[in-house]
Amino acid sequence: MLRDVFVGRIFEGGYSQNDGGPDCLSQLSIEYKLLVCLTSIIAHTFLIQKITNRYIIPLSGPPIKPNIIEYFFGVVQIIVLILQFFLKIQTHRLIFIFNPCHVTTLMQAYVLLTPSSTQNYKIMHISIAWCFGAFLGVLMPMVGEIIYGWEAEVFHIQHWCTGIICPILLMISKRYPPYKLSPFIMYYAFEFFIIYQRSVLAYLSHITWANLNFTLCSATTDPWIPFVGTHYYYISEFYVYLNSYLYALGLYFIASLIKKVKSKVD
């Protein structure tokens, strides 16, 4: 019964390779994926502990509570997460709740609803590095099986909030030091994404055959596949980071404009 709730309808007639399945599983050998995952986890854990962690400066001063706008969007993020959890149970695709978009939504909700702290400051940076995937959901929405009339609305609200609105809110928040787009801090934050991909998602994908964030096989829409082939499994760490950084750069530009306009109004 538990398996049916998690993956019961992923492999019904008409599913695509992007969902998973036996053909997706057989694209790469388990030995190859295990070697890449273990190497990546060890390397990035070492980098976080010994090098990149030093770029996050601990906060000083008392904790500052969120303002009304931050609190509002934090509550919105919690509501859409609950609705997504319910919808995935109904469609027997609960395994996809582990995809990074939902984890990013949870991180943003936590930071928006709780007082400032050094830990929250780190989570804020991590969520900004992860939000590129949610923006892709805005550009190329894949709502999936529709059961309820409001399902598509929940999808779009979540991805607009997680991919655009909430990261900008965090960038302009006065509860934290002025946001600066450092490639070192961005890479520090992105390393948690890689470790999550290589440990949690890769393992769950292998035991369920669900293609969680394309850790089981490549995406049919990935424009790099014709050039890198099966090497995408490790090369993707670099071009996905580049996409994440460039997207954060765009958000940073918008956030800077908002702060300038707000300072003139004030």
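Selection over the stretch 115-137 of residues that are buried (at least 16 other Cβ atoms within 10 Å of the Cβ) and either free of Cβ contacts under 8 Å to residues at least 60 places away in the same chain or among the hydroxyl-bearing types (Ser, Thr, Tyr) (or both) gives a count of 10. Looking at Gly137, Gly149, just one residue is of a type in the set (Gly, Ala, Ser), modelled with pLDDT under 95 and in contact with a Cys (Cβ under 7 Å, 6 or more places away or on another chain), and that residue is Gly137.
Just one of the numbered conditions (1) more than 15 Å from the chain's Cα centre (by Cα); (2) free of Cβ contacts under 8 Å to residues at least 60 places away in the same chain is not true of His159: (1).
Of the residues making up the stretch 39-76, just one is more than 24 Å from Tyr121 (Cα to Cα) and touching a Lys or Arg at 6+ places or on another chain (Cβ under 8 Å), namely Ser40. Just one of the listed residues (Pro167, Pro178) is modelled with pLDDT of 95 or more and under 16 Å from Ile258 (Cβ atoms), namely Pro167.
The values are calculated or read from the model by the stated rules, or taken from the named source; none is laboratory data. This one's a predicted model, so the numbers in the text were calculated from it and none came from an experiment. Note that each Cβ is placed from the backbone with ideal geometry, even for glycine, and that neighbours are counted across all protein chains shown.
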